[in-house]
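In what follows, a single structure is set out as structure tokens and then discussed.
The values are calculated or read from the model by the stated rules, or taken from the named source; none is laboratory data. Remember, it's a predicted structure, so these values are computed and weren't measured experimentally. In this analysis, Cβ positions are derived from the backbone assuming ideal geometry, glycine residues included, and neighbour counts consider all displayed protein chains. Remember, those area values only see protein heavy atoms, side chains included, never the ligands or the DNA or RNA. Shrake-Rupley method; radii C 1.70, N 1.55, O 1.52, S 1.80 Å.
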Amino acid sequence: MKAATYERLAIFTGIPASDLHAATIHHYAIPLTLPHDTVRLRWMSEGNLLRLMNGYSRDFRVSARSQFCPACLKEAACHRLIWTPIAIAACLRHQCLLVNRCPQCEKAVSIETIIKAHCQTCGTHLSETSSPALGQDAFGLFSQQMLWAWLEQLPPPRGAWAKSMPEAPCSVLYGLVRRLNYTLLHCLDHQALVPSLREKAVQRSVEEIPWVQYELNRLAFRAILEWPESFLELMTRMTAEAFFSGSRLSGYVAEPTARFWPAHPDYWAQPEFSFVRSPAAPGSLLGQEVASQSQQP
Ligand SMILES: [Zn+2]
Ligand SMILES: [Zn+2]
């Protein structure tokens, strides 16, 4: 939505423009924009300190393919904004995975369906869906909690895991985890994860499966702990098979002996990632790979 649309809506509804803004993905404009890029964020209006995101971001689910927590729906039949970022795959309150399909007919659930709390195709009550509990998985929950804190600009979880990560602004760390997540996503056999889908939509559908997204983030976080050792090991020594070993995704690795190749070289070339790629920095190998990739015809 454009700034003027918010202002007009505020007049029509009597709801303050700031409340309307807080209900859209623009709420995540600052944590999802790298520091050097914040100048491109548009201000909502003069004197109004609300930022609007530049264009469409593939960090979010489209409204026709949303996700929900059954226990949250039982408490109140409404859609929560925190279910919109693709990286979010768990409800921290109920410590369970989110659900993105009707448990009965397996149809994708839209935001409209979630608000109605029952499937519009088969009538199943979505709040009765069972969802895997994550209470035993402290590290998986930590990774979701960290993502949640970055997105909502809340204090991050404390402890040894958080302390061993690189020090950088939350938008940079979020970007680092998301790009590692894509790199890992490219290692998977997408067709094996969603056999019923046609080629074009497969990768997007795979990353929207909550348990897959949860595992990818878990692995991406593992790669930035004990910075820079784990990351260097991933980039220099590990094969896909070794890295995914022990993960629920290990049976879906497309080329088990493949080495990691960072996806999106242009992204890593941005100034904020010098700590990952400069020759004097720990991830110098990534720098070399980015350089050699950009030299390719
Ligand atoms: Zn919940
Ligand atoms: Zn259904």
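Quick test for you: out of 94, 125, 118, pick the one residue that is within 13 Å of ligand 1 (Cβ to nearest atom) and either in contact (Cβ under 8 Å) with a residue 40 or more places away in the chain or surrounded by 14 or more Cβ atoms within 10 Å (Cβ to Cβ) (or both).
Just one listed residue meets the conditions, 94.
Considering 147, 126, which residue is within 16 Å of ligand 2 (Cβ to nearest atom), among the hydrophobic types (A, V, I, L, M, F, W, C) and at pLDDT 95 or above?
Selected residue: 126, the only one of 147, 126 that is within 16 Å of ligand 2 (Cβ to nearest atom), among the hydrophobic types (A, V, I, L, M, F, W, C) and at pLDDT 95 or above.
Quick check on my filter: what residues within the stretch 97-115 are acidic (Asp, Glu) and either within 12 Å of ligand 1 (Cβ to nearest atom) or modelled with pLDDT of 95 or more (or both)?
Here is the first cut: in the stretch 97-115, the residues acidic (Asp, Glu) are 106, 112.
Residue satisfying the conditions is 112 alone.
Output the number of the condition that residue 154 fails; it satisfies all remaining conditions of (1) away from ligand 1 (no atom under 12 Å from the Cβ); (2) of a type in the set (A, V, I, L, M); (3) open to solvent by less than 30 Å² (accessible area, probe 1.4 Å).
Among (1) away from ligand 1 (no atom under 12 Å from the Cβ); (2) of a type in the set (A, V, I, L, M); (3) open to solvent by less than 30 Å² (accessible area, probe 1.4 Å), residue 154 violates only (3).
Anything in the stretch 25-35 that is over 15 Å from the mean Cα position of the chain (by Cα) and open to solvent by less than 30 Å² (accessible area, probe 1.4 Å)? List them, or say none.
Those that are over 15 Å from the mean Cα position of the chain (by Cα) and open to solvent by less than 30 Å² (accessible area, probe 1.4 Å): 26, 34.
Out of curiosity, is residue 177 under 23 Å from residue 60 (Cα atoms) and either hydroxyl-bearing (Ser, Thr, Tyr) or without any contact (Cβ under 8 Å) to a residue 60 or more places away in the chain (or both)?
Here the answer is no, as residue 177 does not meet what is asked.
Please go through the stretch 128-143 and pick out each residue that is under 25 Å from residue 224 (Cβ atoms) and of a type in the set (Ser, Thr, Tyr).
Result: 143, single match.
Mind checking which residues of the stretch 128-151 are away from ligand 1 (no atom under 15 Å from the Cβ) and surrounded by 14 or more Cβ atoms within 10 Å (Cβ to Cβ)? Spell out how you get there, then give the answer.
Looking only at the stretch 128-151, we keep the residues that are away from ligand 1 (no atom under 15 Å from the Cβ), and these are 136-140, 142-143, 146-147, 149-151.
Matches in the stretch 128-151: 137, 140, 142, 143, 146, 147, 149, 150, 151.
With the requirement that a residue be more than 12 Å from ligand 2 (Cβ to nearest atom) and either free of Cβ contacts under 8 Å to residues at least 24 places away in the same chain or open to solvent by less than 10 Å² (accessible area, probe 1.4 Å) (or both), what does the stretch 97-115 give you?
Once the filter is applied, which keeps residues that are more than 12 Å from ligand 2 (Cβ to nearest atom) and either free of Cβ contacts under 8 Å to residues at least 24 places away in the same chain or open to solvent by less than 10 Å² (accessible area, probe 1.4 Å) (or both), the stretch 97-115 yields 98, 114.
So in the stretch 67-82, with the set limited to residues that are under 17 Å from the mean Cα position of the chain (by Cα) and crowded, with 22+ Cβ neighbours inside 10 Å, which one is nearest to ligand 2 (Cβ to nearest atom)?
Across the stretch 67-82, the extreme among qualifying residues is 68.
If residue 89 satisfies every condition in (1) of a type in the set (Gly, Ala, Ser); (2) in contact with a strand residue (DSSP E or B) (Cβ under 8 Å, 6 or more places away or on another chain); (3) farther than 25 Å from residue 32 by Cα but one, which is the exception?
Of (1) of a type in the set (Gly, Ala, Ser); (2) in contact with a strand residue (DSSP E or B) (Cβ under 8 Å, 6 or more places away or on another chain); (3) farther than 25 Å from residue 32 by Cα, only one is false for residue 89: (3).
Quick test of your reading of the structure: residue 164 fulfils all but one of (1) over 28 Å from residue 71 (Cβ atoms); (2) modelled with pLDDT of 95 or more; (3) within 16 Å of the chain's Cα centre (by Cα). Name the failing condition by number.
It fails just one condition, (3).
For the stretch 197-267, which fully contained helices (runs of 4 or more DSSP H) count at least 3 residues that are open to solvent by less than 40 Å² (accessible area, probe 1.4 Å) and either more than 29 Å from residue 167 (Cβ to Cβ) or touching a helix residue (DSSP H, G or I) at 6+ places or on another chain (Cβ under 8 Å) (or both)?
199-207, 210-222, 229-236
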